Amino acid sequence: MARARLIAGIILYIYVATHLINHALGILSLEAMEVGRDVFLAVWRNPIGGIVLYGAILTHVLLVLWSLYRRRTLRMPLREVLQISFGLLLPILLLEHIVATRGMHQIAGINDTYGYVLSTLWVSKPGSGALQSLALVLAWAHGSMGLYFWLRLKPWFGAVAPWLFAAVILMPVLALVGFVDGGRELVRLLEDDAFVDRLIATIGPADEAEVARGVLVLFWGRIVFGTLLGLVVLGRIGRWAVQQRAHMVTVTYADGRKIAMEPGATVLDASRRLGVPHASVCGGRGRCSTCRVHVSAGRESLPAPSSEESRVLLRVGASDATRLACQLRPTDDLTVAPLLGADATAKDGHRKSVTNQGAEREVAILFADIRSFTAFSEKKLPYDVVFVLNQYFRTMGGAVEQAGGQLDKFIGDGVMALFGIETDAAAGCRAAIEGARRMAIGLKELNENLKNDLPEPLRIGIGIHVGSVIVGDMGYAATRSITAIGDPVNTASRLESLNKDYVSQLVVSGDVAERAGIDLSIHRSESVEVRGRAEPLQVFILNDASALKELVRA
Ligand code: FES
């Protein structure tokens, strides 16, 4: 279906492009517009061109309405809101123009030349002219967005993007200039009675009955589109009512956040409803793979991936535990972790996943631990300890995921997270430092919220190091998760414990700062001995990680 929608969309885009080019010929002359129109009609107004064009319109409109019905949440990025809104406005705006030109040509044999169209849209009804110009720009913008979401996944897109962007901006501008020039030329020509007689003779007559039929076609066209749109709205309401009584599916995230969803909703819908930052470069069309998630529990009851999803998963070498969040519609409870950060790009969607057979990777490893928590837990009721810890894990887990990291595990009151598994070491180091910054900010907010429950504010120590580790999907049954093994893991853990000695909040190795490309030289620096390393390790020591500059946008 996605493919059919894409092909239909491309056909319509080509149609709009040729229409814009035809308009732009008005910069030369009205006559050039008419000659261009002859070519335009030779392509689009013949039996084959007609079937292709109207087939594409029907396919595209119906599939868009179907996808609007299937969507479980209307929460989506602004770019998708704009694209869908433009698309829905088009039939409403364009129907009158289509009936007045192609429709009247069919009904009354009207020759809908540029002279005919401009005498209406420029001379007698300039308001409609402005509206149609707007519709053409919206159609172009709608198509260009769709094309962009598709093409930006191609490896070569970056090289040609500036040229394509220039063409996308230039086309409607030239078309509007051509439309204005053509209209102004027509106004001049209308002062000549002989031209007016020729124009009327070229257009041909339409009697009242034929005009009335045109109006009827327009009326029914609007009714049909309005009914289809109404059916989508009613369908959504009906489904919502039925689902109020249906068995709900719980989607749990690595940081403990969970949401109950109706069966049929995708995991990406769940993330959007819950506000979990989740990459979706292709807008949920199952093409980019950036929404992929690791399913750590509930795998046995998952529906099998479709052939399209399997193809994309195969392309990135994903493991059995990896699925595309935008295509996965769970029927039973499951636990997932997005594998890429929310700021993932199309390029990340082409990288081979390391979660399959395991791989040696350079990643950034972050450890965080609460200071003096044992003393706190001894003085509190178990309920209070669990309550505070869960709030803490949620805050830390959220910070890691927002920065694009993978929660590896919670160990007692500690957290281990990995950054850069699916990207590279430089991106991983930047994300890890950003993760530490977000953790520190989150901790301040948490302390504020829990000030009545805590004898003193919680303090944490964070350690970050980078190095080559073995990364893979390890464990048994429900405890399987993506984890890392190797000396750098132990080093990161050691750096975390150094915070006790330095009474600091963050100890980060010089390697991490270098890879991240950030200058931490204003902070205290030490050379430390770490067990298992022959050379001392340079580290930076920060008392407040929240003061760091923001590095990654969620
Ligand atoms: S959002 Fe692109 S594959 Fe899911």
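The values are calculated or read from the model by the stated rules, or taken from the named source; none is laboratory data. Predicted model only: the values in this text are computed from it and were never measured. Cβ atoms come from the backbone with ideal geometry, glycine included; neighbour counts cover every protein chain shown. Calculation scope for accessible area: heavy atoms of the full protein, side chains included, ligands and nucleic acids excluded. Shrake-Rupley method; radii C 1.70, N 1.55, O 1.52, S 1.80 Å.
Phi angles across the stretch 93-105 convert, under the Karplus curve 6.51 cos²θ - 1.76 cosθ + 1.60 with θ = phi - 60°, into 3J(HN,Hα) values of 6, 8, 4, 4, 5, 5, 5, 5, 9, 4, x, 5, 5 Hz, Gly and Pro given as x.
Close amide H pairs (under 5 Å, H built 1.01 Å from N) link A265 with no residue at least 5 positions away or on another chain.
Rank these residues by their accessible area, most exposed first, probe 1.4 Å: L216, L340. Write out the running numbers ahead of the final one.
Working: L216 95, L340 10 Å².
Accessible-area ranking of L216, L340, largest first: L216, L340.
Within the chain, all pairs of alpha-carbon atoms sorted by distance into 20 Å bins from zero give the percentages 18, 40, 26, 14, 2, 0. Counting only protein heavy atoms and using a 1.4 Å probe, the accessible area of S468 comes to about 60 Å².
Tell me which residues come under 5 Å, amide H to amide H, from D408 once H is placed; ignore anything under 5 positions away on its chain. Here the answer is M416, A417, L418, since their amide H atoms fall under 5 Å of that of D408. I need the shape label for the stretch 249-348. Rule: rounded when a/c is under 1.5, else prolate if a/b > b/c, else oblate, with a, b, c from the alpha carbon gyration tensor. Oblate. For the stretch 485-490, backbone phi angles converted through the Karplus equation (6.51, -1.76, 1.60; θ = phi - 60°) give residue-by-residue couplings of 10, x, 4, x, 5, 5 Hz, Gly and Pro being listed as x. Axis of helix 425-449 versus longest Cα principal axis of the chain: the two differ by about 80°, to the nearest ten degrees. For the stretch 147-163, the residues whose amide N sits under 16 Å from a probe point set 7 Å from the Cα of I10 along the beta carbon direction are 147-157. If only the Cβ of Lys and Arg carry +1 and only the Cβ of Asp and Glu carry -1, the dipole of the chain around its Cα centre is close to 1100 debye. With Cα atoms defining each centre, the stretch 486-515 and the stretch 143-194 are spaced 55 Å apart in the structure.
Express the carbon and sulfur contribution to the solvent-accessible surface of the chain as a percent, rounded to the nearest whole number, probe 1.4 angstrom. In the chain, the share of accessible area belonging to carbon and sulfur is 62 percent.
Dipole of the stretch 249-348 computed with +1 at Lys/Arg Cβ and -1 at Asp/Glu Cβ about the Cα centre; of A270, P305, G283, farthest Cα towards the positive end is G283.
What's the magnitude of the charge dipole for the stretch 358-547 around its Cα centre, counting Lys and Arg as +1 and Asp and Glu as -1 at the beta-carbon? Answer in Debye, nearest 20.
Values: 19 positive and 26 negative charges, 77 e Å.
Here the stretch 358-547 has a charge dipole of around 360 debye.
Taking the charge dipole of the stretch 144-258 about its Cα centre, with +1 at Lys and Arg Cβ atoms and -1 at Asp and Glu Cβ atoms, the residue from G235, Y148, I223 reaching farthest to the positive side is G235.
If each DSSP helix of 4+ residues adds -39,500 (n - 2.57) and the sum is divided by the residues in the chain, what number results at 222 nm, nearest 500 deg cm²/dmol? Please report the intermediate quantities before stating the final value.
Values: 17 runs with 292 residues, N = 554.
That calculation yields -17500 deg cm²/dmol at 222 nm.
Against the chain, whose longest principal axis is taken from its Cα atoms, helix 157-189 shows a tilt of about 30°.
Can you tell me how much longer the chain between D453 and T374 gets when fully stretched, taken as 0.36 nm per residue apart minus their C-alpha distance, in nm with one decimal?
Values: separation 79, 0.36 × 79 = 28.44 nm, distance 1.58 nm.
Roughly 26.9 nm would be gained on extension.
Model label sites at E208 and M474, defined 7 Å from Cα along the beta-carbon direction, differ in position by 8.8 nm. Here the label points at E34 and V160, each 7 Å from Cα along the C-beta direction, are separated by 3.7 nm in the simple model.
Against the chain, whose longest principal axis is taken from its Cα atoms, helix 47-70 shows a tilt of about 40°. For F376, the accessible surface of its heavy atoms amounts to roughly 20 Å² (probe 1.4 Å, protein chains only, rounded to the nearest 10). Here the 3J(HN,Hα) profile of the stretch 281-289, calculated from phi with Karplus coefficients 6.51, -1.76 and 1.60 at θ = phi - 60°, is 4, 8, x, x, 9, x, 10, 8, 6 Hz, Gly and Pro shown as x.
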